[in-house]
Amino acid sequence: MLDRGRSQPGHGTPRKRSSAGDIFAKELATDVAQNGTIKRLVMDRGFGFLSGEDGKEYFFHRSSVEGSFEGLQEGQKVSFDVEASAPKGPRASRVRVA
């Protein structure tokens, strides 16, 4: 007979243990604000690439632009957040003209 008042091994909700790997993964997933320059625009396909102040290149999609994508120009200064946990590498989000 089961004692409903106490938790049985293997039953109920397991407690989540925090480990260094979990903490590191959460740090990678957080957005980091940065400044940069629009390196290349592919207007007909709706995306482009930014050159960050850190020297890295970041992909961005028209849906991540705050304002008008059509109003952007190559060489323009922008600020953006970095989605470090994007599946294909670092991706810019919340792109806005600086």
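Taken together, the values in this text are just the output of simple stated rules run on the coordinates, not laboratory data. Worth saying up front: this structure is predicted, and the values here are computed from it rather than measured. Cβ sites come from the backbone with ideal geometry, for glycine too, and all protein chains shown count toward neighbours.
Order these peptides, 47-53, 74-80, by their mean beta-carbon neighbour count within 10 angstrom, highest first. Don't skip to the end; give the middle numbers.
Values: 47-53: 18.1, 74-80: 15.6.
Ranked from most to least packed, the peptides come out as 47-53, 74-80.
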Taking every other residue with Cβ under 13 Å from the Cβ of Glu57 and scoring Lys and Arg +1, Asp and Glu -1, one gets +3
Residues whose built amide H sits under 5 Å from the amide H of Val32, excluding neighbours closer than 5 in sequence, are Val82, Ala84
